[in-house]
Amino acid sequence: MKKSYLLLLFLVVLMYGCSDGVKETSTVTANDAEKIVTNDQERQVVNRQLYEKLSEAVETLGYTYDMHTFAENEHDRGVLYAEIVDFDNDGVNEVYTFMKGIDYPLSAYTHRNKDNYIQEIWTGNANGENALLSFSSEIDKLVCSACDMNVSLVKGKDGRTFLKMFSHQMSQGIANNNIWVYAKDPKKSEMELVVSGNFGHNNEGDLFYTLNDEETDRMTFEEEFARYGGEERPILISNSAEKNYGFDASSPATIVGKTLATLSPSVNNIVGKEE
């Protein structure tokens with residue numbers, strides 16, 4: 001009952017108008033047609049798995065209807081944002097989620113049972129097995145809570161999408177700026193840390209740069225991170241200890257609901273309608 005009620009809140013209102021309306025009209029060979037059918041079946045399997053993982057998170061942690069600023073919603077919990085992303089540009093979707101956990105053992109995933117902001121990326125399995133947790137991080141755990149942490153999704157020049165995190169910290173007049181970039185290889189299920197770096201100035205005021213924990217120069221530093229540059233879409237924005245959501249926070253339930261609605265037709269084709 002709880003499951004049907006929660007999903008109806010998202011899907012009943014949002015299902016209309018969510019169809020992409022795309023229709024293939026080009027002539028294809030028999031082999032091409034077989035590949036199209038196979039690829040479509042694989043996408044349905046993957047979307048079903050991603051739907052199940054996202055809906056499970058919503059049912060366990062809940063969701064929020066109205067948010068405006070980060071500070072005003074300090075006590076909100078649940079799935080705050082969800083987006084379908086093809087991180088490795090292989091034609092198979094993943095799901096990115098941004099959520100606020102709760103300090104109570106509600107979930108089988110222990111990192112959710114903490115009062116932290118959390119990111120998760122789920123990868124589907126076309127062979128029919130369950131979706132895999134490719135990436136998770138407790139944002140508040142990466143750096144001190146007073147530090148500025150920025151999170152964004154970056155659409156790279158090679159078609160992949162990268163997860164980028166950047167933190168700025170001032171301590172006794174010393175500036176430290178840390179960057180982490182995660183990417184996914186199509187041959188692997190997990191997101192991997194592909195580059196990390198730090199730059200700032202020391203006690204003497206001299207600039208320094210490190211790349212993957214090794215000291216380097218500015219040019220090498222910038223060239224390496226340029227490989228993972230592109231169109232950047234913020235998820236969490238921090239500036240001088242003031243934090244804001246980078247996504248539209250006026251109605252998180254609508255955003256999460258639309259993501260579920262996009263995935264749900266594939267679920268209905270495979271497992272049928274829910275009782």
Boolean, MET149 is closer than 18 Å to ILE118 by Cα, assigned to a strand (DSSP E or B) and either open to solvent by less than 20 Å² (accessible area, probe 1.4 Å) or not aromatic (Phe, Trp, Tyr) (or both): yes
The range 212-236: number of residues that are in a strand (DSSP E or B) and of a type in the set (A, V, I, L, M): 2
Residues being farther than 30 Å from VAL92 by Cβ, in contact with a Phe, Trp or Tyr (Cβ under 7 Å, 6 or more places away or on another chain) and open to solvent by 60 Å² or more (accessible area, probe 1.4 Å) - total across the range 170-198: 0
Scope the range 255-275; condition at pLDDT 55 or above, in contact with a helix residue (DSSP H, G or I) (Cβ under 7 Å, 6 or more places away or on another chain), of a type in the set (Val, Ile, Thr) and open to solvent by 10 Å² or more (accessible area, probe 1.4 Å); matching residues: THR259
Of residues in the range 117-134 being more than 11 Å from GLN49 (Cα to Cα) and among the hydrophobic types (A, V, I, L, M, F, W, C), the one modelled with the lowest pLDDT: ILE118
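The values are calculated or read from the model by the stated rules, or taken from the named source; none is laboratory data. Model, not experiment: these values are computed from the prediction. As a convention, Cβ positions derive from the backbone with ideal geometry for all residues, glycine included, and neighbour counts pool all protein chains shown. To get the accessible areas, we keep the full protein, side chains included, count just its heavy atoms, and leave off ligands, DNA and RNA. Shrake-Rupley method; radii C 1.70, N 1.55, O 1.52, S 1.80 Å.
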